[in-house]
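Colleague: One structure is given below, represented as structure tokens, and several questions about it will come after.
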Amino acid sequence: MIKAVHNSELWQRLHSADHGVIIVVGTGQWGKTATVHSLIDSGAFRDRNVALVKYSQEFIEAHSYPDNYRAVPWPDDISDILGILHPSRDVVVVDDSIFIAGARDSGTRENKGLQKLMTIISHNELFVILTIQNTSMLDISMFQSQDVYMIHKNMDVVAIEQERNAQKISQTIANLYLQKKMKDYSGIVHPKAWGYCSTTREIIAFKLPSWWQPAMSKPFKGMVMH
Ligand SMILES: Nc1ncnc2c1ncn2[C@@H]1O[C@H](COP(=O)(O)OP(=O)(O)OP(=O)(O)O)[C@@H](O)[C@H]1O
Ligand SMILES: [Mg+2]
């Protein structure tokens, strides 16, 4: 069976929720960024605007993103975030969260900012989507927040060894399910479309939005990250 995003339990839950954190994890180039846009394109977040953190506005304007997409900076002081975001009207995307939330520098201003953001999420009607290659790179506070939805893309075995203990099992299960779907539907569904949601325990086919361009995979190309 091929379950499209809009037929998933994940979609149902997000559609009826008013806040939450969605984490998309998996090895590089396995479709995390594409999955984020596919999920948004499915209407799971209704007609919210999309705020892409640390993307450049020029990049957004140079590509065929929908009109409700915009670039937002990461504020120096997270308390200012509500001046940049409109909680009940936005979905915030932190693509490649390692740039702002490395676990290894948990004392940094940005990481503390992300922790505060988690509090803001639970007190406001805000959705945040994070992508990351390995959850060991994310600060633990991200998982202590309630209403976390995990979407696993394929992860290579070496990377699974680096995973947090709590994630090793669900990622291993995810890989097994994903690989079976890739095999069963090879030539029918693109192998990178599959994602396993360990929160709702289902395999979903995330198809590319009609407006997708391959260049959207590399939003930070040529940018110097601080
Ligand atoms: N559902 C899909 N259908 C067809 N092609 C896809 C799909 N998802 C991803 N791809 C292809 O794979 C490429 C890489 O996807 P994507 O940029 O989303 O990966 P990523 O996991 O975000 O990589 P990185 O970790 O480098 O940011 C895309 O440019 C696209 O060509
Ligand atoms: Mg990406």
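Colleague: Want the number for residue 88 to residue 218: 0.36 nm per residue separation, take away the alpha-carbon distance, what's left?
Modeller: Working: separation 130, 0.36 × 130 = 46.80 nm, distance 2.83 nm.
Result: 44.0 nm gained on full extension.
Colleague: I'd like the Karplus ³J(HN,Hα) series for the stretch 150-157: coefficients 6.51, -1.76, 1.60, θ = phi - 60°, whole numbers in Hz, and an x wherever there's a Gly or Pro.
Modeller: 9, 10, 9, 9, 4, 10, 6, 4
Colleague: Using 1/(1 + (r/R0)^6) with R0 = 22 angstrom and r between the beta carbons of residue 9 and residue 157, what's the FRET efficiency to the nearest 0.05?
Modeller: Values: r = 28 Å, r/R0 = 1.29.
Rounded to the nearest 0.05, the efficiency is 0.20.
Colleague: Let me ask you something else. Per residue Cα convex hull volume for the stretch 5-211, in cubic angstrom?
Modeller: On the way: hull volume 24.0 nm³, N = 207.
Convex hull of Cα atoms, per residue: 116 Å³.
Colleague: On to the next question. Order of 197-209, 159-171 by packing, highest average Cβ count within 10 Å first?
Modeller: Values: 197-209: 19.1, 159-171: 15.6.
The most tightly packed comes first, giving 197-209, 159-171.
Colleague: Express as a percent, rounded to the nearest 5, the fraction of DSSP beta bridges in the chain (both residues included) that run antiparallel.
Modeller: Values: 7 of 31 bridges.
Roughly 25 percent of the DSSP beta bridges within the chain come out antiparallel.
Colleague: Go through the stretch 88-97 residue by residue and turn each phi into a ³J(HN,Hα) via Karplus (6.51, -1.76, 1.60, θ = phi - 60°); whole Hz please, and just put x for glycine and proline.
Modeller: Each residue's phi maps through the Karplus curve to give 7, 10, 10, 10, 9, 10, 10, 7, 6, 4 Hz.
Colleague: Who wins for biggest fluctuation among 187, 113, 26 in a Gaussian network model of the chain, springs between alpha carbons below 10 Å?
Modeller: Highest fluctuation among the options: 187.
Colleague: Hydropathy first: keep DSSP H helices in the chain averaging at least -1.0 on Kyte-Doolittle, then drop any whose Cα extent along the axis falls short of 24 Å, and list what survives.
Modeller: Values: long enough: 165-184 (29 Å, -0.86).
Span-like helices in the chain: 165-184.
Colleague: Would you mind checking the pairs 54/183; 192/221; 32/183; 32/221; 3/116; 192/218 and listing those with alpha carbons more than 26 angstrom apart?
Modeller: Cα-Cα > 26 Å for 54/183; 3/116; rest within.
Colleague: Now for a separate question. What order do you get for 72-84, 38-50, 1-13, 126-138 when each peptide is scored by the mean count of other beta carbon atoms within 10 Å, highest first?
Modeller: My ranking of the peptides, most packed first, is 126-138, 38-50, 1-13, 72-84.
Coordinate-derived values only; no laboratory data. This is a predicted model, so every value here is computed, not measured. Cβ atoms come from the backbone with ideal geometry, glycine included; neighbour counts cover every protein chain shown.
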